[in-house]
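A.B. asks: What follows is a single structure, and I will ask about it in a moment.
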Amino acid sequence: MSRIGKLPVTVPAGVDVKIAADNLVTVKGPKGELSEKISEKIGVELKDGVIYVTRGNDEKESRSLHGLSRTLIFNMVTGVSDGFERRLDINGVGYRAEKKGKNLVLSLGYSHPVELPDPAGIETETPSNTEIVVRGIDKALVGNYAAIIRGWRPPEPYKGKGVKYREEVIRRREGKSGVKG
């Protein structure tokens, strides 16, 4: 039995869950609405404000989909009730970020500023010129957009310059020793 798949998902107050006949799970809450099609090999049922995810057999594919399906449903419920956010930090001389309308403008040492428009369902914020906050209700979209921002200048191991996740630890390397011979 899947350790994650067998855990029930509690639906908080203010969140409405609908499960269609073809396993289309739709979650509506104060922050928005998300829907996901769950495989037919997985059973999803709602009883008294708790979602239970079960599998019909012990085939390899069913076992692998069990925990995944439960996690997808849990992330949808969490997203429409609380939302997700990812924080990034910018390190380096002259590196900075600012918000211009719906665009995030990054100065990352290139000859031109990098302008990234906010995708649908995602909003960015810059509390200071070295911090970026990415918020949204879909965990995958938030993580993907944060990875796109980080991909413009990943942190380098010698001085730690670049865009990094707030919780990321950069393994530093020693430079040249300067000894000849």
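The values are calculated or read from the model by the stated rules, or taken from the named source; none is laboratory data. Keep in mind the model is a prediction, meaning the values are calculated, not measured. All Cβ positions, even for glycine, are placed from backbone atoms using ideal geometry, and neighbour counts span all protein chains on display.
A.B. asks: I'd like the full set of residues that are over 22 Å from the mean Cα position of the chain (by Cα) and among the acidic types (Asp, Glu), limited to the stretch 25-78.
C.D. replies: Glu40, Glu45, Asp48, Asp58, Glu59, Glu61
A.B. asks: If you go through the stretch 1-37 one residue at a time, how many are loosely packed, with under 15 Cβ neighbours inside 10 Å, more than 26 Å from Glu85 (Cβ to Cβ) and hydrophobic (A, V, I, L, M, F, W, C)?
C.D. replies: Summing the residues that are loosely packed, with under 15 Cβ neighbours inside 10 Å, more than 26 Å from Glu85 (Cβ to Cβ) and hydrophobic (A, V, I, L, M, F, W, C) in the stretch 1-37 gives 4.
A.B. asks: With respect to Lys37, determine if the residue is without any contact (Cβ under 8 Å) to a residue 12 or more places away in the chain, among the basic types (Lys, Arg) and at negative phi. Steps first, please.
C.D. replies: Values: without any contact (Cβ under 8 Å) to a residue 12 or more places away in the chain: no; among the basic types (Lys, Arg): yes; at negative phi: yes.
So Lys37 does not fit the description; no.
A.B. asks: Can you name every residue in the stretch 16-59 that is touching a Lys or Arg at 6+ places or on another chain (Cβ under 7 Å) and either in a loop (DSSP other than H, G, I, E, B) or of a type in the set (Val, Ile, Thr) (or both)?
C.D. replies: Asn23, Thr26, Lys41, Ile42, Val53, Gly56
A.B. asks: Which of the strands (runs of 3 or more DSSP E) found entirely inside the stretch 60-157 contain at least 3 residues meeting this: assigned by TED's automatic domain parsing to the domain that holds Gly43 and under 21 Å from Ile38 (Cα atoms)? Steps first, please.
C.D. replies: On the way: elements: 84-91, 96-100, 103-107, 114-117, 122-125, 131-136.
Hits in the stretch 60-157: none.
A.B. asks: How many residues are of a type in the set (Gly, Ala, Ser) and either in contact with a Lys or Arg (Cβ under 9 Å, 6 or more places away or on another chain) or under 23 Å from Glu167 (Cβ atoms) (or both) if we restrict to the stretch 104-120? Spell out the reasoning first.
C.D. replies: Step one: filter the stretch 104-120 for residues of a type in the set (Gly, Ala, Ser), giving 107, 109, 111, 120.
Next cut, either in contact with a Lys or Arg (Cβ under 9 Å, 6 or more places away or on another chain) or under 23 Å from Glu167 (Cβ atoms) (or both) only: 107, 109.
Matching residues across the stretch 104-120 total 2.
A.B. asks: Moving on to the next point. Here are the criteria: (1) under 19 Å from Val80 (Cα atoms); (2) exposed (fewer than 13 other Cβ atoms within 10 Å of the Cβ); (3) of a type in the set (D, E, K, R). Tell me which single one Glu115 does not satisfy.
C.D. replies: Looking at each condition in turn, Glu115 falls short on (1).
A.B. asks: Moving to a separate point now. Among the residues of the stretch 53-97, which ones are touching a helix residue (DSSP H, G or I) at 6+ places or on another chain (Cβ under 6 Å) and polar (S, T, N, Q)?
C.D. replies: Asn75, the sole residue that qualifies.
A.B. asks: From (1) under 26 Å from Ala13 (Cα atoms); (2) touching a strand residue (DSSP E or B) at 6+ places or on another chain (Cβ under 8 Å), pick out the condition that doesn't hold for Thr126.
C.D. replies: (1)
A.B. asks: Pull up the stretch 126-141, narrow it to residues that are of a type outside the set (A, V, I, L, M, F, W, C) and surrounded by 14 or more Cβ atoms within 10 Å (Cβ to Cβ), then point me to the one that is nearest to the chain's Cα centre (by Cα).
C.D. replies: Of the stretch 126-141, the ones of a type outside the set (A, V, I, L, M, F, W, C) are 126-131, 135-136, 138-139.
Of the ones still in play, those that are also surrounded by 14 or more Cβ atoms within 10 Å (Cβ to Cβ) are 126, 130-131, 135-136, 138-139.
On the way: Thr126: 18, Thr130: 20, Glu131: 17, Arg135: 9, Gly136: 8, Asp138: 7, Lys139: 4 Å.
The selected residue is Lys139.
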